[in-house]
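**Q** My questions will all concern the structure given below.
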Amino acid sequence: MSKYFKSAALVLQVACGVQLFNNYIAEFTWCFGPSMLPTLNMTGDIVGFEHLTQRFSKLGTGDLVVAVSPTDPSKLVCKRIIGVPGDKVVIDPVSPHRQYITVPPGHYWLMGDNLSNSTDSRAYGPVSGGLILGRVFARLWPSPKWINNGLEEIVEFS
């Protein structure tokens, strides 16, 4: 009987370790759809996202994040941060009539990389930081690669 209790205790410890890892360090999800083309595949990618950046530093412009959908809380969305709190951003950069908005405190402006086929902050407005689950750090499948910040700083030459 003691052998079964030791096995059960080991299984329970592993399950607790996995749960703690998923809640506080990193987790994995399936991202699919056309909104993040060409960064992610339309047919679906498994990505890893971490929770540490939000706890120990700040999310920045260009970071790819996984968030709870503001329009359907049962779904997750994978989008790029275009504006952080206090930034002035173009609501729809492909529109001929440009309108701007200042991202409110505690919110982020999220957009897909494929502007012509993405439901994002242009449709639902700034997203509360509380809905952001983590920063994507890698695509694990089908072709593994690290995912870095997608925006480069513009350097002006004098």
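**Q** Identify, please: which residue in segment 130-150 is free of Cβ contacts under 8 Å to residues at least 60 places away in the same chain and either closer than 22 Å to Y24 by Cβ or not in a loop (DSSP other than H, G, I, E, B) (or both) and is, among those, most open to solvent (accessible area, probe 1.4 Å)?
**A** W146
**Q** What's the number of the condition V66 fails, among (1) within 16 Å of G150 (Cα to Cα); (2) open to solvent by 30 Å² or more (accessible area, probe 1.4 Å)?
**A** Among (1) within 16 Å of G150 (Cα to Cα); (2) open to solvent by 30 Å² or more (accessible area, probe 1.4 Å), the lone unmet condition for V66 is (2).
**Q** State whether the residues of segment 93-108 include one that is open to solvent by less than 50 Å² (accessible area, probe 1.4 Å), among the aliphatic types (A, V, I, L, M) and closer than 18 Å to W30 by Cα.
**A** no
**Q** Here is a further query. Let me spell it out: the conditions are (1) open to solvent by 60 Å² or more (accessible area, probe 1.4 Å); (2) outside any helix (DSSP H, G or I); (3) within 16 Å of L131 (Cβ to Cβ); (4) not acidic (D, E), and K79 meets all of them except one. Which number is the exception?
**A** Against the list (1) open to solvent by 60 Å² or more (accessible area, probe 1.4 Å); (2) outside any helix (DSSP H, G or I); (3) within 16 Å of L131 (Cβ to Cβ); (4) not acidic (D, E), K79 comes up short only on (1).
**Q** Still on this model: Consider segment 111-121. How many of its residues are more than 13 Å from the chain's Cα centre (by Cα) and surrounded by 19 or more Cβ atoms within 10 Å (Cβ to Cβ)?
**A** 2
**Q** Please determine, by comparing only the residues of segment 1-27 that are in contact (Cβ under 8 Å) with a residue 12 or more places away in the chain and either surrounded by fewer than 11 Cβ atoms within 10 Å (Cβ to Cβ) or of a type in the set (A, V, I, L, M) (or both), which one is farthest from L76 (Cα to Cα).
**A** Ranking the qualifying residues of segment 1-27, first place goes to I25.
**Q** Do you know which residues across segment 29-76 are of a type in the set (D, E), outside any strand (DSSP E or B) and touching a residue at least 24 places away in the same chain (Cβ under 8 Å)?
**A** Correct list: D63 only.
**Q** From the list V94, V18, V11, V47, which residue is among the β-branched types (V, I, T) and in contact with a Cys (Cβ under 6 Å, 6 or more places away or on another chain)?
**A** After applying the criteria, what remains is V47.
**Q** Restricting attention to segment 28-45, and to residues there that are among the β-branched types (V, I, T) and surrounded by 15 or more Cβ atoms within 10 Å (Cβ to Cβ), which single residue is modelled with the lowest pLDDT?
**A** The extreme case among them is T39.
The values are calculated or read from the model by the stated rules, or taken from the named source; none is laboratory data. These numbers come from a predicted model, not from an experiment. When we count neighbours, we look across all protein chains shown, and the Cβ atoms used for this are built from the backbone with ideal geometry, even at glycine. Note: accessible area is taken over every heavy atom of the protein model, side chains too, but ligands, DNA and RNA are not part of it. Shrake-Rupley method; radii C 1.70, N 1.55, O 1.52, S 1.80 Å.
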